[in-house]
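Q: One structure follows; several queries about it will come next.
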Amino acid sequence: MREPPLISESPGADEVPAVAWPLLFRARLKQRVHAHDKYPWLVLIAVLVGLFASGFDITIFAVSLRDVANDLGTTPSALTWVVTGPLLATALTMPLFGKLGDLWGHRRVYLYGLAAFVVGTALTAAAWSGASLIVIRAVAAIPGAAMGPTSLALIMQVFHDDDRVKAMGWWSLVGAGAPVFGLVAGGPVVSAFGWRWIFIAQAPLSLVALAFAAFVLRETPRREREPIDLAGAATLALATLSALLALSIAADRGFTSPVVLGLAVLSPIGLALFIRCERRAAHPLLPLGFFRHRDFSASLAAQFTSQFAYMGGFIVTPLLMQERFGYAVAASGFAMVFRPLSFSASSPVFGYVAARIGVRRASLIGTVLLTLSMVLFAVAASGGIVWLVFVALVLSGLALGACSPSLMTIVANTVGSEDLGVANAAQSMVAQIGNVGGIQVLAILQAGIAGAAGFTTAYVVGAGVAFASILCAAMVRRDRVADLTLVQAEAA
C-alpha cells in the first residue's frame, strides 16, 4: 500500500471539502508517526499486539480438550490433531510465505495473514464437529505461517543491528507470555462460558491488532520480481512434513512401525531433492549460500537443539510431578507456569545484556543454563527431590530467555535486508521441528521405561542434546552484532 504524499502545510478550510478532512487528518497523523524518532518501537508494539492476539490460544486446547471433545461428540484422543495439524500446516507453508514477504513486501503479507487469521478464529468458534475443528485449525494456522517470518522481518528492518537483540527480547516476552495467559485465563473462561467464547473474544481482539498494524506499519523494501521456486517449496515441504509426521506417529506406533520408518526414509530423500533443486534454481527459495556462513548455520543448529531439550522437558515434567511426587493434574499444571514466566520475564533483560556483552556470550550463557536445568531434572527424578524440579523449571525459562533473542538476531544479521523473510522463516521452521522432535522423543523414552528410570533417561538424553546446543553456540565466530558480515559479501 502506498504511503500518503508528504503534506507541507495545511490547506485552508475553503480548499478542502468537509468529507475529506478525516482522510487528511489520518494522512497527517500517519506521516508524523512514521517520522517519529521512536517509530521502530511503535512497529515493535504493533507487531507484538498481533503476536499476543494470535498466540494466547495456543494453550487453550491443553486445558480444555476434554470439554471440547464432549461438546463436539468425539474423544480427546481424536482431537489431538487439533494441536498437531496446525504445527504441520505452519511448517509446510512458512518458508514460502517468508519468500513472498521478501518479494511482495512484508507489511502486505503480514496484514493479509492477520486478516485471514481473524476469519479463521471466527470459524473456529463455529466448528460443528471434531473433524471440522481439526480442518479449520489446520487451515487457520496457514495465515499464522505468513505472520511469523514477516513480523520478524518488519522488526528487523526498522531496528539498527545493535538494537535488534533488544527488540527480540521483547518479542520473546510476548511469545512466551501469551500462552501463559491462555493457560491461566482459559480454564476459568471455558468452565464458566464454554470453549467457543475464547475464540469469540479472540476475533475482535485480532481485528484491533489488524487495524493498529495497518496504521503503524510501512512497507519494507522488496526484491526485484522473480519467479517463485515452487519445486524448492514442494521438496522442502516433503522433507519437513515427513519428519514431523514420523515424530508424531511414533508416539503411538513406536519408532519401529513400518509407517514411521517409511516416513523417516522419505524425509532425507526430500531434503536431498530440495538441495538439488536449490542448486539448479535461478532464484532459489532458500539460497544454500546462507549455510556456508558459519554463524547462520550454527545459530540454526543451536535453535534446533535448545528447543528440542526445552520442549521435551516441558512435556515430560508434568508427568514427573504427577507420577513421581503425587501432584494433582491442576497442581502440576500450575507448577509448569514457572518456566514460561521466567522465560518471558528474563527475555527483555537478556536482550539488553546481549547488546552489551555480545550475542555469542549471551547464547552461551543460555545454553549452559539449559543443560544445567536438564541435569537437575534428572537428579530430581532419580533422587525424588521435588524442590529441584522447581529450580530446574526456573533455570529452563532463564536459559531460553538468555539464548533465544541472541540466536534469532544472529540469523537476521547474517543476511541482507532483502532476504530477512526467508531467513526468519528458516529459523522458525527449524525451531518448530526441534519442538516436535523433543516432545515426541523424550515422551517415548519416558513411557518406554517404567518408574523413575524412565524420567531420568529422558532428561539425560535432553541434557545431551542441550549440551550440543552449547557446542553450536560456541561455533558462532562474531560476538558483537556490529562485527557480523553479510553472507552475500562473503559469498562474493
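The values are calculated or read from the model by the stated rules, or taken from the named source; none is laboratory data. Given the structure is predicted, the values throughout are model-derived calculations rather than measurements. Every residue, glycine as well, gets a Cβ built from its backbone with ideal geometry; the counts of neighbours run over all protein chains shown. Protein only, heavy atoms only, side chains kept; ligands, DNA and RNA dropped before computing areas. Shrake-Rupley method; radii C 1.70, N 1.55, O 1.52, S 1.80 Å.
Q: Helix-only mean residue ellipticity at 222 nm, the chain, DSSP H runs n ≥ 4 weighted -39,500 (n - 2.57), per residue, nearest 500. What is it? Don't jump to the answer; show the numbers that get you there.
A: Details: 18 runs with 383 residues, N = 492.
It comes out at -27000 deg cm²/dmol, rounded to the nearest 500.
Q: Hey, another quick one. Arrange the peptides 263-271, 235-243 so that the one whose residues have, on average, the most other Cβ atoms within 10 Å appears first.
A: My ranking of the peptides, most packed first, is 235-243, 263-271.
Q: On a C-alpha basis, how far is the centre of region 243-301 from the centre of region 121-186 in Å? Whole number, if you could?
A: After rounding, the separation between the Cα centres reads 24 Å.
Q: Under 8 Å for C-alpha pairs, at least 6 residues apart: give me the relative contact order for region 106-242, rounded to a whole percent.
A: It comes to 37 percent, rounded to a whole number.
Q: Taking +1 at the Cβ of each Lys and Arg and -1 at the Cβ of each Asp and Glu, which of F334, G113, F390 sits farthest along the dipole of the chain towards its positive end, judged by Cα position relative to the Cα centre?
A: About the Cα centre, the residue reaching furthest to the positive side is F390.
Q: What nm value, rounded to one decimal, do you get for the distance between E226 and R196 when each label is placed 7 Å out toward the C-beta?
A: It is 4.8 nm.
Q: Okay, moving on. In a shell of Cβ-Cβ distance under 12 Å around T84, excluding T84 itself, what net charge do Lys and Arg (+1) and Asp and Glu (-1) give?
A: 0
Q: Another question, if that's okay. Just want the answer: with Cβ charges of +1 for Lys and Arg and -1 for Asp and Glu, which residue in T74, P95, S306 is farthest toward the dipole's positive end in the chain?
A: Of the options given, the answer is S306.
Q: Moving to a separate point now. Can you compute log10 of I(q)/I(0) for region 279-391 with the Debye formula, treating each Cα as one identical point scatterer, at q = 0.14, 0.20 Å⁻¹?
A: Log10 of I(q)/I(0), two decimals: -0.72, -1.11.
Q: Counting alpha carbon pairs within less than 8 Å and at least 6 residues apart, what relative contact order, in whole percent, applies to the chain? Before the final figure, lay out each step's value.
A: Working: 847 pairs, mean separation 105.1, N = 492.
Worked out over the chain, it gives 21 percent.
Q: Highest first, please rank the peptides 402-413, 137-148, 190-201 by the mean number of other Cβ atoms sitting within 10 Å of their residues.
A: The densest-packed peptide leads the list: 402-413, 137-148, 190-201.
Q: Could you sort I136, I449 by accessible area so the largest value comes first, with the probe set to 1.4 Å?
A: I449, I136
Q: Using a basic spin-label model with each label point 7 Å from the Cα along Cα→Cβ, how many nm lie between R356 and R280?
A: Each label point is offset 7 Å from its Cα along the Cβ direction, giving 5.4 nm.
Q: Relative contact order, percent, of region 380-473 when contacts are C-alpha pairs under 8 Å separated by at least 6 residues?
A: 26
Q: Treat every Asp and Glu Cβ in the chain as -1 and every Lys and Arg Cβ as +1, leave all other atoms uncharged, and give the resulting dipole magnitude about the Cα centre to the nearest 20 debye.
A: It works out to roughly 340 debye.
Q: Same structure, new question: Taking just the alpha-carbon atoms of the chain, what radius of gyration and Dmax come out, in angstrom?
A: 22.9, 84
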